[in-house]
1. Taking the mean number of other Cβ atoms within 10 Å as a proxy for protection, how do you rank 6-17, 66-77 from highest to lowest?
2. When log10 I(q)/I(0) by the Debye sum over Cα atoms at q = 0.10, 0.16, 0.17 Å⁻¹ is calculated directly from the model, which label among (1) -0.37, -0.89, -0.99; (2) -0.38, -0.98, -1.11; (3) -0.57, -0.95, -1.01 fits?
3. Which angle between 0 and 90 degrees, to the nearest 10, do you get for helix 22-34 versus the longest principal axis of the chain when only C-alpha atoms count?
4. As an exercise, use a Förster radius of 22 Å and the Cβ-Cβ distance of His50 and Arg145 to find the FRET efficiency, rounded to the nearest 0.05.
5. With θ taken as phi - 60° and the coefficients 6.51, -1.76 and 1.60, list the Karplus ³J(HN,Hα) couplings across the stretch 137-152 in order, rounded to whole Hz; mark glycine and proline as x.
6. Work out the length of the dipole vector of the stretch 21-121 about its Cα centre, built from +1 on the beta-carbon of each Lys and Arg and -1 on the beta-carbon of each Asp and Glu, and round it to the nearest 20 debye.
7. Just want the answer: with Cβ charges of +1 for Lys and Arg and -1 for Asp and Glu, which residue in Val128, Pro83, Gly64 is farthest toward the dipole's positive end in the chain?
8. Which pairs in the list Lys33/Lys61; Lys78/Lys131; Lys59/Lys81; Lys81/Lys134; Lys76/Lys134; Lys81/Lys131 are over 20 Å apart, alpha-carbon to alpha-carbon?
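FYI, it's all coordinate maths here, none of it is from the lab. Predicted model only: the values in this text are computed from it and were never measured. Virtual Cβ from ideal backbone geometry, glycine too; neighbours counted across all protein chains shown.
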Amino acid sequence: MAINAGIFGDRTCFEDRYIPDHRKLRELVGYWKKLGLRIVLTSGTFDLFHIGHAQYLEKAKELGDILIVGVDSDEKVKKRKGPQRPIVPEDERVLILSHVRHADVITLKGANDPHNHLIQIVAPDILVLSKSTKHDDEAVAQKARYCGEIVLLEPQAETSTSAKLRLIQIQKDV
């Protein structure tokens, strides 16, 4: 008998899919692992959601039973990408991801969270990283201490929201 409720259901179920409390997330992950479910973790900004994001999440979900998606908070994005980013605020980015069939659980990654914090909390069976992020060998080795396996995925589309935004800005300035 299939379960069609909460994170296992067909509906958005935002209140079940969005888990901002990392202690609660750790507890739920422990429960799911006891059930024998394979946990997959990935993360990113997901600003100006596009087809590459959707296909990336689909590939990540294929690797296990539950896909947890960490979303960079607005503050974290500003620190990494500059004061004009993100274009779409964190509450909307999280809500958009709750509508994506492959994202089972969404949580926020704070700017002041310790390095590899979410990876340590989830201790995923599989950690999915994008090759486009260009993680160095040492960073990958650090992450590997907290998970069963690391999978590096190629970008799933040539779309770059950063490049598109730069182009818009250049055209505006001309």
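1. Values: 6-17: 14.0, 66-77: 22.5.
Packing proxy ranking, top to bottom: 66-77, 6-17.
2. This structure yields the entry labelled (2).
3. Long axis of 22-34 versus the principal axis of the chain: about 50 degrees.
4. Numbers: r = 32 Å, r/R0 = 1.47.
So, using R0 = 22 Å, E works out to roughly 0.10.
5. With coefficients 6.51, -1.76 and 1.60, one gets 4, 5, 5, 5, 4, 4, 5, 4, 5, 10, 9, x, 8, 10, 10, 9 Hz.
6. Details: 17 positive and 14 negative charges, 60 e Å.
Charge dipole, the stretch 21-121, about its Cα centre: 280 debye, nearest 20.
7. Working it through, the farthest residue towards the positive pole turns out to be Pro83.
8. Numbers: Lys33/Lys61 16 Å; Lys78/Lys131 22 Å; Lys59/Lys81 25 Å; Lys81/Lys134 15 Å; Lys76/Lys134 18 Å; Lys81/Lys131 18 Å.
Flagged as over cut-off: Lys78/Lys131; Lys59/Lys81.
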